[in-house]
Each structure stands twice: as structure tokens, then as C-alpha cells.
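Here is the structure we will look at.
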Amino acid sequence: MLFSEDRDIGEFAIRRYGPEGIQVNEVTYAGTLLLTPERLQDTGLPATLEAIDAGCLDAWLQEGPEILLLGTGDRVRFPSPHLIAHVQQTGVGLEVMDTPAACRTWNILASERRRVVAVLFPIMIMGGE
């Protein structure tokens with residue numbers, strides 16, 4: 001999907017997403033992304049939802065989010081209950097959704113200048129689904 005509206009949403013705007021990757025500003029990234037209001041990280045991140053552990057969450061929570069968005073690919077999949085509880089204990093809101101929804105939500109929250117951190121897994125379209 002291509003976004004055509006160009007609002008001032010800060011340093012990073014998600015312009016497009018799909019099986020080819022996620023375009024942030026003018027660059028398309030094929031792997032997992034971490035977005036904060038100040039930075040983009042595309043290396044050293046878990047390749048799958050199952051690879052998330054408490055250490056990953058703690059690193060992401062150190063970014064100081066009020067909301068942690070977790071975009072889980074082409075469909076919604078939840079991390080383990082103990083990881084969800086780990087985030088909830090910090091008082092940070094955890095929103096789990098498919099990556100397309102997380103991309104749209106990022107742009108909305110960023111435009112509102114909210115303190116949001118997004119972890120976006122790639123969108124893999126499986127044949128026959």
C-alpha cells in the first residue's frame with residue numbers, strides 16, 4: 001500500500017509496506033525494523049516473533065515509550081503470555097497487530113507526537129492463503 005498524504009510526522013514516516021518491505025522515508029527495509037521518534041534500527045533485531053525474549057523487551061522499553069507497537073507480519077500473532085506480562089508490569093501499553101496495521105498506527109501516533117516505539121516484522125504473503 002502506498003500512502004499519498006504527506007503530513008509532518010517527525011523524522012520517520014512509513015510511506016509504503018508490503019511483501020517487498022517497509023519503506024521509511026525513501027528507503028525500503030526487507031527485515032525487522034525498530035522505529036522510535038529519534039531513530040531507526042534495522043540490524044541486531046529478532047527475525048521472528050518467537051525469538052523475542054525479555055532482554056529484547058527491556059532494550060525496547062529503555063527507549064521510554066508510552067506505547068510499544070508490535071507488528072507481527074501478515075497476520076496477528078501474540079508473543080508468549082509471560083512476555084506480555086513483562087511489558088504490562090512496566091506500565092507501558094503494548095499493542096499487538098499485523099504489520100500493515102502497525103505501520104498505519106505508527107504514522108498516526110507519530111503525527112500526534114506520541115512517545116511510541118514500533119517493532120515491525122516483515123510481511124510475508126504465503127501462497128494459497
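Tell me which of these residue 99 doesn't satisfy, since it passes every other one: (1) surrounded by fewer than 17 Cβ atoms within 10 Å (Cβ to Cβ); (2) touching a strand residue (DSSP E or B) at 6+ places or on another chain (Cβ under 8 Å); (3) of a type in the set (Ser, Thr, Tyr).
All conditions pass for residue 99, except number (1).
Tell me which residues, restricted to region 14-51, are among the β-branched types (Val, Ile, Thr), within 20 Å of residue 78 (Cα to Cα) and out of contact with any Leu (no Cβ under 8 Å at 6 or more places or on another chain).
Listed by number, the list holds a single entry, 48.
Please work out which residue is surrounded by the fewest Cβ atoms within 10 Å (Cβ to Cβ), limiting yourself to region 45-55 and to residues that are in contact with a strand residue (DSSP E or B) (Cβ under 9 Å, 6 or more places away or on another chain) and either among the small types (Gly, Ala, Ser) or at pLDDT 95 or above (or both).
Within region 45-55, the match that is surrounded by the fewest Cβ atoms within 10 Å (Cβ to Cβ) is 46.
Wholly within region 28-121, which strands (runs of 3 or more DSSP E) include no fewer than the required count, namely at least 2 residues that are touching a residue at least 60 places away in the same chain (Cβ under 8 Å)?
Filter on region 28-121 gives 33-35, 116-120.
Of all residues being among the acidic types (Asp, Glu) and in contact with an Asp or Glu (Cβ under 8 Å, 6 or more places away or on another chain) in region 1-43, which is modelled with the lowest pLDDT? Just the residue, please.
11
The values are calculated or read from the model by the stated rules, or taken from the named source; none is laboratory data. Predicted, not measured: the structure shown is a model, and the values here were computed from it. Reconstructed Cβ throughout: ideal geometry from the backbone, glycine too, with neighbour counts over all protein chains shown.
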